[in-house]
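A short write-up of the structure that comes next.
None of the figures in this text is laboratory data; all of them are computed from the coordinates on show. If you're wondering where the values come from, they're calculated on a predicted model, not measured in any experiment. Here Cβ is always computed from backbone atoms with ideal geometry, including for glycine, and neighbour counts include all displayed protein chains.
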Amino acid sequence: MISNLHLSNLSLSKLAASTALACAAAFTALPAAAQPTPASPEISLARLDCGTPILNIVARFNDTWAFTDNKVLFTFSCYLIRRGDDYMLWDTGHALTAGAPAPKVSIVDQLAQINVKPEQIKYVGISHYHADHTGQVASFPGATVLIGKGDWEGITAPTPNVGANVAPFAHWISGGGKLEALPGDKDVFGDGSVVILNTPGHTPGHHSLLVKLNSTGNVLITGDLSHFQENYASNGVPSFNYHRGDTLASLDRFKTAAANLKATVIIQHDARDVGKLPAWPGFVK
């Protein structure tokens, strides 16, 4: 016959063992939970010269007959984003064979100044399919091209869209390179630091770019959502845009985002905005 005292001792032993196991499990879990979150790689941004500036009349880019006497310097800019050891190009400018607006130095040669080789470019983001934004894309066959779905469909249609610069994409059209046709926004690195924004209207698949920098703050780069400060301020729409209503909706989204993010806006063709970033090979962080 087992005494009551012995039963109590057994129960206490079981309780002590259960408590020890629970404490051990909790203690074992603590180190993993206490591990610090790895820091995100540093993001930096640089501007490249991707064409020779020319004077242009602002009225050409506004269908309401505004600014008829204004002439401003029309620049051609591309951008390099560095995230840790990864590189992304935003637009590739004019080809070297583009005549008067052709760049004096290729993107490849500019990258060589900071010892970056074409094969180190992981992504090439394309704002839209026009020649002054796509002229040197073929120099980066190992990169994954990120381009709006509507623009990619315009490039690859049996009869390509008017204004679509098809030839430089031959490598990707043939399936020789990686390409992602974006139906909407794209968080490029998955951490919100670089986001390609869906802003259709100038072309069917037009996109703009958001870069979040630790020191400088948020930067929004237009693509051709707007060409000059005057048109940006007044919601000017070029008569040659693909869709006027989409352009206005995209301008509204972009401006609201700029206000909410307290972002620096860079209009890619306006020398007054392009100068907000240092000349190549300067980076901002």
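Return the residue satisfying two criteria in turn: it lies in segment 179-192 and is part of a loop (DSSP other than H, G, I, E, B) and over 8 Å from the mean Cα position of the chain (by Cα), and of such residues it is surrounded by the most Cβ atoms within 10 Å (Cβ to Cβ). Give the steps one after another, and end with the answer.
Taking segment 179-192 and keeping what is part of a loop (DSSP other than H, G, I, E, B), we get 183-185, 188-192.
Going one step further and asking which of them are over 8 Å from the mean Cα position of the chain (by Cα), we end up with 183-185, 189-192.
On the way: P183: 11, G184: 10, D185: 14, F189: 18, G190: 7, D191: 13, G192: 11.
So the residue we want is F189.
Output the residues belonging to segment 193-209 that are in contact (Cβ under 8 Å) with a residue 60 or more places away in the chain and part of a loop (DSSP other than H, G, I, E, B).
Passing the criteria: S193, H202, T203, G205, H206.
It is to be established whether one or more residues within segment 217-232 are surrounded by fewer than 20 Cβ atoms within 10 Å (Cβ to Cβ) and in a helix (DSSP H, G or I).
Here is the first cut: in segment 217-232, the ones surrounded by fewer than 20 Cβ atoms within 10 Å (Cβ to Cβ) are 217-218, 229-230.
If we keep only those that are in a helix (DSSP H, G or I) as well, we get 229-230.
Yes, segment 217-232 contains a residue that is surrounded by fewer than 20 Cβ atoms within 10 Å (Cβ to Cβ) and in a helix (DSSP H, G or I).
Of all residues in segment 57-78, which are crowded, with 22+ Cβ neighbours inside 10 Å, in contact (Cβ under 8 Å) with a residue 60 or more places away in the chain and more than 24 Å from R244 (Cβ to Cβ)? Within segment 57-78, T75, F76, S77 qualify. Number of residues in segment 240-275 that are in contact with a Lys or Arg (Cβ under 9 Å, 6 or more places away or on another chain), under 25 Å from G163 (Cβ atoms) and part of a strand (DSSP E or B): the value is 2. Residues in segment 253-270 include none that are of a type in the set (F, W, Y), surrounded by fewer than 20 Cβ atoms within 10 Å (Cβ to Cβ) and either under 22 Å from I81 (Cβ atoms) or in contact with a Gly (Cβ under 8 Å, 6 or more places away or on another chain) (or both). Flag not set for T52, criterion: part of a loop (DSSP other than H, G, I, E, B), of a type in the set (S, T, N, Q) and in contact with a Cys (Cβ under 7 Å, 6 or more places away or on another chain).
Being without any contact (Cβ under 8 Å) to a residue 60 or more places away in the chain, on the phi < 0 side of the Ramachandran plot and not acidic (D, E) is a property that I54 has. Of the residues in segment 119-127, none is touching a Cys at 6+ places or on another chain (Cβ under 9 Å) and without any contact (Cβ under 8 Å) to a residue 60 or more places away in the chain.
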